[in-house]
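Novice: Below you'll find the structure I mean.
The values are calculated or read from the model by the stated rules, or taken from the named source; none is laboratory data. Everything quoted here is computed from the prediction, not taken from an experiment. A quick note on method: Cβ atoms are made from the backbone with ideal geometry, for glycine too, and the neighbour counts reach across all protein chains shown.
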Amino acid sequence: MKEREFEKLIEAHILPDVGEMRVRRSLLYADTPDGLLRGISFDTSGFSRDLFYLQAFVQALFVPVDTLVYQVGRRLRGLFQFKPDGTDRPEVMATAAAAIIAEGLPFLDQMTTAAEFAAHAYEVAGTNTDPYIVEMVGYSWIIGGHMGRGKGEVHRLLDEVLSPSWPPGRLIADRARAVETALGESEERARDLLLRWEAETRAALRLEPHTAASPAE
C-alpha cells in the first residue's frame, strides 16, 4: 500500500482515538518541546503490499539524520493484512488501533521528556555501546538540563565507544567534539547547537516545527 493511502486510513480510523498526535504518510507521531519524536510507523512487509506491522519508537531529533531511527523502539505484536480487494480495511485498521492503544502508547509514554528518554534508552535498546544511541543519550541529558551526565556520555562516546576504524564514526566524533567545545563555552551555546541540529532533522524528515497538536474531534 502506498504511503498516501496509509495516511488517509490512519486519519480516518486511528487518529480520532489517539489524542494529540499527527500523521504524515505512514507515520503516526507526536513530538515534544525538547526535541523527541515519538512515533508509530506503519511498515509494509517486503513480501506483500497488503501486509504491514507496527513499529513504536522514540528518536532524539537533535542528532542530525535524514531517516527514522528505530533502535530505541519495539515492534508491536501482530502482523496485519488487508484483503486484495480492500473491503476489510476498516476492520484491519480497528485492530491496529487497538494494538496501538494497548501496547504502543504505553511504550511511548515512558519517554515524554529528553531526561526520560536518556534514562530509558539503553534498557529499551538492549545496549549501551551503540554509538548512535550513546550520542542520543548524551545530548538528551544536555537538553534535559543534566549537564554533568551529558558531558559524561559525550566523553564516553569519544573515548570508549567509537572505533577509529569505523568510517561513520568520524562524523559522530565530529559532532561530539563540537558539542564538547560548545559546552566549554556555555550551556546555552551547547543547547543552541543541538536545537539547530534538531531543526535540520525536522527539515530532512519533513516534520513541522513543534507546536501543541489540537485534540482530534
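Novice: Answer yes or no as to whether V92 is among the aliphatic types (A, V, I, L, M) and closer than 30 Å to G145 by Cα.
Specialist: Answer is no for this residue.
Novice: Further question: Could we say that L76 is under 25 Å from M1 (Cα atoms) and touching an Asp or Glu at 6+ places or on another chain (Cβ under 7 Å) here? Show your work before the answer.
Specialist: Values: under 25 Å from M1 (Cα atoms): yes; touching an Asp or Glu at 6+ places or on another chain (Cβ under 7 Å): yes.
Here the answer is yes, as L76 does meet what is asked.
Novice: Can you pull out every residue in region 1-30 that is at pLDDT 90 or above and touching a Pro at 6+ places or on another chain (Cβ under 7 Å)?
Specialist: H13
Novice: Test D174 against the stated conditions and say whether it is acidic (D, E) and either in the same structural domain as P33 (by TED's automatic domain parsing) or within 23 Å of the chain's Cα centre (by Cα) (or both).
Specialist: yes
Residue-wise test of (1) surrounded by fewer than 16 Cβ atoms within 10 Å (Cβ to Cβ); (2) closer than 25 Å to S186 by Cβ; (3) under 16 Å from the mean Cα position of the chain (by Cα); (4) modelled with pLDDT of 95 or more.
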site: V124; (1), (2), (3), (4): no, no, yes, yes
site: T129; (1), (2), (3), (4): yes, no, no, yes
site: M136; (1), (2), (3), (4): no, yes, yes, yes
site: I142; (1), (2), (3), (4): no, yes, no, yes
site: G145; (1), (2), (3), (4): yes, yes, no, yes
site: G152; (1), (2), (3), (4): yes, yes, no, yes
site: H155; (1), (2), (3), (4): yes, yes, no, yes
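Novice: Say whether the condition of being in contact with a His (Cβ under 9 Å, 6 or more places away or on another chain) and either modelled with pLDDT under 95 or farther than 30 Å from L15 by Cα (or both) is met by at least one residue in region 169-185.
Specialist: Taking every residue of region 169-185 in turn, at least one turns out to be in contact with a His (Cβ under 9 Å, 6 or more places away or on another chain) and either modelled with pLDDT under 95 or farther than 30 Å from L15 by Cα (or both).
Novice: Would you pick out the residues in region 19-36 that are outside any strand (DSSP E or B), surrounded by 20 or more Cβ atoms within 10 Å (Cβ to Cβ) and of a type outside the set (D, E)?
Specialist: M21, S26, G35
Novice: When residues of region 79-95 are filtered for being part of a helix (DSSP H, G or I) and either in the same structural domain as M136 (by TED's automatic domain parsing) or of a type outside the set (S, T, Y) (or both), how many remain? Please lay out each step first, then the result.
Specialist: Of all residues in region 79-95, those part of a helix (DSSP H, G or I) come to 89-95.
In the following step, the residues that additionally are either in the same structural domain as M136 (by TED's automatic domain parsing) or of a type outside the set (S, T, Y) (or both) were identified as 89-94.
So the count comes out to 6.
Novice: Of all residues in region 90-118, which are more than 24 Å from E11 (Cα to Cα) and either loosely packed, with under 14 Cβ neighbours inside 10 Å or touching a Gly at 6+ places or on another chain (Cβ under 9 Å) (or both)?
Specialist: Correct list: T113, A114, A115, E116, F117, A118.
Novice: Still on this model: Restricting attention to region 25-44, which residues are closer than 14 Å to K2 by Cβ and in contact with a Lys or Arg (Cβ under 8 Å, 6 or more places away or on another chain)?
Specialist: R25
Novice: Here's a follow-up. Got a number for residues in region 45-78 being closer than 13 Å to I100 by Cβ, part of a loop (DSSP other than H, G, I, E, B) and either modelled with pLDDT of 95 or more or polar (S, T, N, Q) (or both)?
Specialist: The number of residues fulfilling the criteria is 1.
Novice: Does any residue of region 193-208 turn out to be in contact with a Gly (Cβ under 7 Å, 6 or more places away or on another chain) and assigned to a helix (DSSP H, G or I)?
Specialist: Yes, there is a match, as at least one residue in region 193-208 is in contact with a Gly (Cβ under 7 Å, 6 or more places away or on another chain) and assigned to a helix (DSSP H, G or I).
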